[in-house]
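Contents: one structure, followed by commentary.
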Amino acid sequence: MRKIRKPKLAVWKFASCDGCQLSLLDCEDELLTVVNKIDIAYFLEASRNVVKGPYDISLVEGSITTQHDAERIQKIRKISKILITIGACATAGGIQALRNFKDVKEFVSLVYAKPHYIDTLDKSTPIASHVRVDYELRGCPINKRQLLEIISAYLNERKPNTPSHSVCIECKRRGTVCVMVSQGIPCLGPVTHAGCNAICPSYCRGCYGCYGPKETPNTSSLSEKFSDSGLNNDSIMRMFRTFNACAEPFRKESEAYEIGEAGSKKSETRI
């Protein structure tokens, strides 16, 4: 009887904390079912066993921060049929993309005793800035069930079904009273992708935007609400500069409220 070849899965790491890879390992019982359907050929977080490519699916965690990374992702793209980026680092540059707003050479000189040993790029960039990406899964870390949904969709040759609505919908579904309306707590929920089940608002804290900007987010309107609530320009800028600081809608909105050396806004224009 002819043996059916299972699709080969590879999991790659770039500049990141490994949290999104751990989300896959956290699947536990579900992972056993996945293993029966696919061949985990390259996943150094889980096993030293390596099966050579090409690969049917590549999951990529982390951002590009060095020239070596930029060259390596090109090679991975060539040996991957489907490439899926997982997490805020891979989809938006991550928390390390805060360097993009400043001079990274200044940081290096202040932090490292011998800066000449440090070889890094000026910016931390998402994978999509370097190669073609077939699907992006947002989050810091990602939602493990969304990851299983994407793998299942591939195995069954269908389109993945992941939410495009905001965190506010999750608050409504779990019966959480809006912290911004009821307590005046700044919250990025109205402009952030769902996926976390609104954890922070359920503990009376505003959303930090871990899952990045939702589709067509009205960030300018939310910023005006923050301003009306008493937040100054610097505080509004910092609201948008967290895990997805360089996701385009968040980046543009933060730059609109950035304070220059003269004490005025860097930019008043939102494109």
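The values are calculated or read from the model by the stated rules, or taken from the named source; none is laboratory data. Because the structure is predicted, anything quoted here is derived from the model rather than measured. Every residue, glycine among them, receives a Cβ derived from its backbone with ideal geometry; neighbour counts consider all protein chains shown.
Identify, please: which residue in the range 249-271 is at pLDDT below 60 and β-branched (Val, Ile, Thr) and is, among those, farthest from the chain's Cα centre (by Cα)?
Among residues in the range 249-271 that are at pLDDT below 60 and β-branched (Val, Ile, Thr), the one farthest from the chain's Cα centre (by Cα) is THR269.
Please specify each residue of the range 101-139 satisfying the condition of being touching a strand residue (DSSP E or B) at 6+ places or on another chain (Cβ under 8 Å) and farther than 30 Å from PRO160 by Cα.
Scanning the range 101-139 gives a single hit, LEU121.
What tally of residues in the range 114-139 results from selecting those that are in a loop (DSSP other than H, G, I, E, B) and either out of contact with any Gly (no Cβ under 6 Å at 6 or more places or on another chain) or surrounded by fewer than 21 Cβ atoms within 10 Å (Cβ to Cβ) (or both)?
Total meeting the criteria: 12.
Those residues that are in contact with a helix residue (DSSP H, G or I) (Cβ under 6 Å, 6 or more places away or on another chain), free of Cβ contacts under 8 Å to residues at least 40 places away in the same chain and surrounded by fewer than 23 Cβ atoms within 10 Å (Cβ to Cβ), I need them from the range 180-197; list them, please.
ILE185, PRO190, ASN197
Return the residue satisfying two criteria in turn: it lies in the range 79-113 and is in contact with a Cys (Cβ under 9 Å, 6 or more places away or on another chain) and of a type in the set (S, T, N, Q), and of such residues it is surrounded by the most Cβ atoms within 10 Å (Cβ to Cβ).
Here the residue is GLN96.
In the range 35-78, how many residues are surrounded by fewer than 16 Cβ atoms within 10 Å (Cβ to Cβ) and in contact (Cβ under 8 Å) with a residue 60 or more places away in the chain?
Number of matching residues: 1.
Quick check, is SER202 touching a residue at least 12 places away in the same chain (Cβ under 8 Å), more than 16 Å from the chain's Cα centre (by Cα), within 30 Å of LYS102 (Cβ to Cβ) and not assigned by TED's automatic domain parsing to the domain that holds ILE86?
no
Considering only strands (runs of 3 or more DSSP E) fully contained in the range 1-65, which possess at least 1 residues that are in contact with a Cys (Cβ under 6 Å, 6 or more places away or on another chain) and either at negative phi or charged (D, E, K, R) (or both)?
The qualifying strands (runs of 3 or more DSSP E) are 55-61.
Could we say that ARG241 is farther than 14 Å from PHE101 by Cβ, part of a loop (DSSP other than H, G, I, E, B) and modelled with pLDDT of 95 or more here?
It is false that ARG241 is farther than 14 Å from PHE101 by Cβ, part of a loop (DSSP other than H, G, I, E, B) and modelled with pLDDT of 95 or more.
Matching residues to (1) touching a strand residue (DSSP E or B) at 6+ places or on another chain (Cβ under 6 Å); (2) in a loop (DSSP other than H, G, I, E, B); (3) of a type outside the set (A, V, I, L, M):
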{"residue": "ALA153", "(1), (2), (3)": "no, no, no"}
{"residue": "LYS159", "(1), (2), (3)": "no, yes, yes"}
{"residue": "THR162", "(1), (2), (3)": "no, yes, yes"}
{"residue": "ILE169", "(1), (2), (3)": "no, no, no"}
{"residue": "VAL181", "(1), (2), (3)": "no, no, no"}
{"residue": "PRO201", "(1), (2), (3)": "no, no, yes"}
{"residue": "CYS204", "(1), (2), (3)": "no, yes, yes"}
{"residue": "CYS207", "(1), (2), (3)": "yes, yes, yes"}
{"residue": "SER221", "(1), (2), (3)": "no, no, yes"}
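Within the group CYS246, CYS207, which residue is in contact with a Cys (Cβ under 8 Å, 6 or more places away or on another chain), surrounded by 18 or more Cβ atoms within 10 Å (Cβ to Cβ) and modelled with pLDDT of 95 or more?
Every option except CYS207 fails the conditions.
Only one of these is over 21 Å from PHE250 (Cβ atoms) and basic (Lys, Arg): LYS52, LYS102. Name it.
None of the other options fit; the residue is LYS52.
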